[in-house]
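Laboratory data are not the source of any read-out in this text; all were calculated from the coordinates shown. This is a predicted model, so every value here is computed, not measured. Glycine gets a Cβ as well: all are built from the backbone with ideal geometry, and neighbour counts include every protein chain shown.
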Amino acid sequence: MSAKLNKLFLNFLHLAASSQRLGIHLIRVAILVIFVWIGGLKFWNYEAEGIVPFVANSPFMSFFYTQPAPDYKIYKLKEGEFDQKKFEWHKKNNTYGFSHGLGILIMSIGILVFLGIFFPKVGLVGALLAIIMTIGTLSFLVTTPEVWVPDLGSGEFGFPLLTGAGRLVIKDTAILAGAIVVLADSAQRILNSKRK
């Protein structure tokens, strides 16, 4: 019986080892779905308004907005809420224009990563851009106060207690790891084609 189990286990190991290529391509598909979906949402006002704290507090992106960083706190909207005065402030701040441009960039990166299945050089560029973008997103853990639970009297606040915004950002560690895997795969495929 143990020999039969051993053989089944070895068969499983061979099957698992042979699924590496499929797994790498599924990472590309996952990045495509996430980036196209999230990038597409950047064309909706609620999403554009939701990223304002990240952009406004970032030393690398705040110049895209016209209003100083603390002002956005007065004009925050709940998801799905509409207030004409706050909407006008966001228009003036370039909230929507920046978000639309970011959406196009994010969707483009997702498509480039996916195309790496067929074109390793295109995939290499896409993976490199995905790595840069996710490092930028993870920098929000340092620059955005709203990612940590504030001190409101419960005694539970600050690091390591992530808010909803912080939990949204931390998931990019998985995207970063996936982008590194597909970068390595694209580079390996390019090197292999040069050896032929």
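Points worth noting:
- A Stokes-Einstein calculation at 10 °C with viscosity 1.306 mPa s, built on the Kirkwood radius of region 21-195 over Cα pairs, returns a diffusion coefficient of 91 µm²/s.
- Near Ser139, no amide H atom lies under 5 Å from its own; only residues 5 or more places off or on other chains count, and H is placed 1.01 Å from N.
- Near the amide H of Leu161, within less than 5 Å, lie the amide hydrogens of Val149, all on another chain or at least 5 residues away, with H placed in the peptide plane.
- The chymotrypsin sites (Phe, Trp or Tyr not before Pro) found in region 49-139 that occupy coil by DSSP, while having at most 11 further C-beta atoms within 10 Å, are Phe60, Phe82, Phe118.
- Simple spin-label estimate for Leu22 and Thr163 gives 4.3 nm between the two label positions (7 Å along the Cα-to-Cβ direction from each Cα).
- Rounded to the nearest 20 debye, dipole of region 21-195 from Cβ charges on Lys, Arg, Asp, Glu: 800 debye
- Taken one residue at a time, the phi angles of region 99-114 give Karplus couplings (6.51, -1.76, 1.60, θ = phi - 60°) of 4, 4, x, 5, x, 4, 4, 4, 4, 4, 5, x, 5, 4, 4, 4 Hz. Gly and Pro are set to x.
- For region 83-178, taking Cα atoms only, Rg and Dmax work out to 17.3, 55 Å respectively.
- Coupling constants for region 9-24 follow from the phi torsions by the Karplus curve (6.51 cos²θ - 1.76 cosθ + 1.60, θ = phi - 60°), and in residue order they are 5, 5, 4, 4, 4, 5, 5, 4, 5, 6, 8, 4, 4, 4, x, 5 Hz; glycine and proline get x.
- Segment Tyr46..Ser108, full-extension length gain: 20.2 nm, with 0.36 nm per residue of separation and the alpha-carbon distance subtracted.
- Full extension of the chain between Asp151 and Arg189 gives 8.6 nm of extra length, using 0.36 nm per residue less the Cα-Cα distance.
- Working note: Karplus 6.51/-1.76/1.60 with θ = phi - 60° gives region 129-142 the couplings 5, 5, 5, 4, 5, 6, 5, x, 5, 5, 5, 5, 5, 9 Hz, where Gly and Pro are set to x.
- Taking 19 Å as the cut-off, the amide N atoms of region 113-142 that come nearer than this to a point 7 Å along the Cα-to-beta-carbon line of Phe63 belong to 133, 136-137, 139-140.
- If the segment from Lys92 to Ser2 were pulled out straight at 0.36 nm per residue, it would be longer than the present Cα-Cα gap by 25.2 nm.
- Per-peptide average of other Cβ atoms within 10 Å, ordering 3-14, 146-157, 172-183 highest first: 172-183, 146-157, 3-14
- Residue among Leu152, Ala56, Val125 farthest towards the positive dipole end of region 21-195, charges placed on Cβ: Val125
- Helix-only mean residue ellipticity at 222 nm for the chain, each DSSP H run of n ≥ 4 adding -39500 (n - 2.57), per residue, nearest 500: -22000 deg cm²/dmol
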